[in-house]
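Working notes, beginning with the structure itself.
The values are calculated or read from the model by the stated rules, or taken from the named source; none is laboratory data. Because the structure is a prediction, the values reported are computed rather than measured. Methodologically, a virtual Cβ is constructed for each residue, glycine included, from the backbone with ideal geometry; neighbour enumeration extends over all protein chains shown.
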Amino acid sequence: MEFIRNKEQTKQSLLDAVDSLVEESGYEALGINAVAAKAGVSKMLIYRYFGSLEGLIAAYIQQYDYWINFNGTLPSGREGLGLFIKEMFHRQITFLRENYTLRRLYRWELSHENSLVEKLRQRREEKGVWLVEAVSRLSGHPRKEVAAVASVMTAAISYLVLLEENCLVYNGISIQEEAGWKQIEEGIDLMVDLWINRK
């Protein structure tokens with residue numbers, strides 16, 4: 001039992017070290033030796049628990065990814081569904097904007113193709129399909145329609161959050177200011193209302 005607890009503590013220490021290094025010096029600071037030193041453990045434990053540095057990065061993304069870990073409680077019927085969807089997208093914005101390391105590692109994910117990245121995307125896909133099917137059932141809108149709307153909304157949010165650091169304005173909206181994000185959230189609410197209430 002003690003071994004299991006120590007193992008989990010060590011794994012979390014390594015994940016925390018990734019977070020600290022990226023926060024301090026950017027993704028470029030990540031390396032087996034640097035992470036192990038930051039966590040105060042042997043670098044062999046990275047290989048033992050995660051297989052590689054890429055495995056550790058993938059584990060960080062999996063632990064903190066908004067959609068993989070989404071556990072919002074669905075409404076029991078159509079009433080309240082619009083509010084549920086709006087809040088879900090608002091939380092996606094807040095979650096991504098508050099986690100600098102996750103944004104950096106999403107860029108890593110976008111530039112890599114391997115089995116670790118494939119597993120991350122598969123887990124997101126499973127949660128996305130589950131949500132699409134649930135919203136389709138509750139809203140009465142076809143699954144294909146729900147999937148298209150959800151894909152556009154989630155992708156737009158991800159893109160704008162990743163763009164924020166390097167872009168002052170997008171379509172006249174100041175995406176480095178809270179007022180700009182408030183405007184985007186109001187736009188999301190409008191689109192959700194128009195869609196959910198469409199006959």
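Return a yes/no flag: does the stretch 50-59 have any residue that is among the small types (Gly, Ala, Ser), touching a residue at least 12 places away in the same chain (Cβ under 8 Å) and closer than 17 Å to residue 100 by Cβ. Lay out the reasoning, then the answer.
Here is the first cut: in the stretch 50-59, the residues among the small types (Gly, Ala, Ser) are 51-52, 55, 58-59.
From what is left, the residues that are touching a residue at least 12 places away in the same chain (Cβ under 8 Å) are 55, 58-59.
Right, trim to closer than 17 Å to residue 100 by Cβ and you get none.
Within the stretch 50-59, not a single residue is among the small types (Gly, Ala, Ser), touching a residue at least 12 places away in the same chain (Cβ under 8 Å) and closer than 17 Å to residue 100 by Cβ.
Among the listed residues 48, 103, which satisfies the condition of being in the same structural domain as residue 146 (by TED's automatic domain parsing) and on the phi < 0 side of the Ramachandran plot?
103
Any idea how many residues of the stretch 153-199 are β-branched (Val, Ile, Thr) and over 30 Å from residue 142 (Cβ atoms)? Can you show your working first?
Of all residues in the stretch 153-199, those β-branched (Val, Ile, Thr) come to 154, 157, 161, 169, 173, 175, 184, 188, 192, 196.
Narrowing further to those that are over 30 Å from residue 142 (Cβ atoms): 169, 173, 175.
The number of residues fulfilling the criteria is 3.
Condition (residue is surrounded by fewer than 18 Cβ atoms within 10 Å (Cβ to Cβ), modelled with pLDDT of 95 or more, assigned by TED's automatic domain parsing to the domain that holds residue 103 and in contact with a helix residue (DSSP H, G or I) (Cβ under 7 Å, 6 or more places away or on another chain)) applied to the stretch 151-158: is it met by at least one residue? Write out each step before concluding.
As a first pass, look at the stretch 151-158 and keep what is surrounded by fewer than 18 Cβ atoms within 10 Å (Cβ to Cβ): 151-152, 155-156.
This time we only want the ones that are modelled with pLDDT of 95 or more, so: 151-152, 155-156.
Restricting the remaining residues to those that are assigned by TED's automatic domain parsing to the domain that holds residue 103 gives 151-152, 155-156.
Going one step further and asking which of them are in contact with a helix residue (DSSP H, G or I) (Cβ under 7 Å, 6 or more places away or on another chain), we end up with none.
So far as the stretch 151-158 goes, no, none of its residues is surrounded by fewer than 18 Cβ atoms within 10 Å (Cβ to Cβ), modelled with pLDDT of 95 or more, assigned by TED's automatic domain parsing to the domain that holds residue 103 and in contact with a helix residue (DSSP H, G or I) (Cβ under 7 Å, 6 or more places away or on another chain).
Against the condition touching a Leu at 6+ places or on another chain (Cβ under 7 Å) and either among the acidic types (Asp, Glu) or buried (at least 17 other Cβ atoms within 10 Å of the Cβ) (or both), how does residue 57 come out, does it pass? Don't jump to the end; show me each part of the working.
On the way: touching a Leu at 6+ places or on another chain (Cβ under 7 Å): yes; either among the acidic types (Asp, Glu) or buried (at least 17 other Cβ atoms within 10 Å of the Cβ) (or both): yes.
Considered against the rule, which asks whether it is touching a Leu at 6+ places or on another chain (Cβ under 7 Å) and either among the acidic types (Asp, Glu) or buried (at least 17 other Cβ atoms within 10 Å of the Cβ) (or both), residue 57 comes out as yes.
Given the structure, is residue 138 in contact with a Pro (Cβ under 9 Å, 6 or more places away or on another chain), assigned to a helix (DSSP H, G or I) and either within 17 Å of residue 195 (Cβ to Cβ) or in contact (Cβ under 8 Å) with a residue 12 or more places away in the chain (or both)?
On the way: in contact with a Pro (Cβ under 9 Å, 6 or more places away or on another chain): yes; assigned to a helix (DSSP H, G or I): yes; either within 17 Å of residue 195 (Cβ to Cβ) or in contact (Cβ under 8 Å) with a residue 12 or more places away in the chain (or both): yes.
Yes: the conditions hold for residue 138.
Any residue at all in the stretch 114-129 that's among the small types (Gly, Ala, Ser) and either surrounded by 15 or more Cβ atoms within 10 Å (Cβ to Cβ) or in contact with a Pro (Cβ under 6 Å, 6 or more places away or on another chain) (or both)? Give the steps one after another, and end with the answer.
Pass one, the stretch 114-129, residues among the small types (Gly, Ala, Ser): 115, 128.
So of that shortlist, the ones also either surrounded by 15 or more Cβ atoms within 10 Å (Cβ to Cβ) or in contact with a Pro (Cβ under 6 Å, 6 or more places away or on another chain) (or both) come out as 128.
Looking through the stretch 114-129, at least one residue is among the small types (Gly, Ala, Ser) and either surrounded by 15 or more Cβ atoms within 10 Å (Cβ to Cβ) or in contact with a Pro (Cβ under 6 Å, 6 or more places away or on another chain) (or both).
Can you spot a residue in the stretch 174-185 that is touching a helix residue (DSSP H, G or I) at 6+ places or on another chain (Cβ under 8 Å), assigned by TED's automatic domain parsing to the domain that holds residue 80, surrounded by 16 or more Cβ atoms within 10 Å (Cβ to Cβ) and not in a helix (DSSP H, G or I)?
The answer is yes, given that some residue of the stretch 174-185 is touching a helix residue (DSSP H, G or I) at 6+ places or on another chain (Cβ under 8 Å), assigned by TED's automatic domain parsing to the domain that holds residue 80, surrounded by 16 or more Cβ atoms within 10 Å (Cβ to Cβ) and not in a helix (DSSP H, G or I).
Can you name every residue in the stretch 74-127 that is charged (D, E, K, R) and free of Cβ contacts under 8 Å to residues at least 40 places away in the same chain?
Within the stretch 74-127, the subset charged (D, E, K, R) is 78-79, 86-87, 91, 97-98, 103-104, 107, 109, 113, 118-119, 121, 123-127.
Correct list: 79, 87, 91, 98, 113, 118, 121, 125, 126.
Tell me, yes or no, whether the stretch 103-110 has at least one residue that is over 25 Å from residue 20 (Cβ atoms) and out of contact with any strand residue (DSSP E or B) (no Cβ under 9 Å at 6 or more places or on another chain).
Going residue by residue through the stretch 103-110, those that are over 25 Å from residue 20 (Cβ atoms) are none.
Within the stretch 103-110 (the criterion being over 25 Å from residue 20 (Cβ atoms) and out of contact with any strand residue (DSSP E or B) (no Cβ under 9 Å at 6 or more places or on another chain)), the answer is no, since none of the residues qualifies.
Kindly indicate the residue of the stretch 64-94 that is touching a Phe, Trp or Tyr at 6+ places or on another chain (Cβ under 8 Å) and modelled with pLDDT of 95 or more and also farthest from residue 17 (Cα to Cα) among those meeting that condition.
The extreme case among them is 88.
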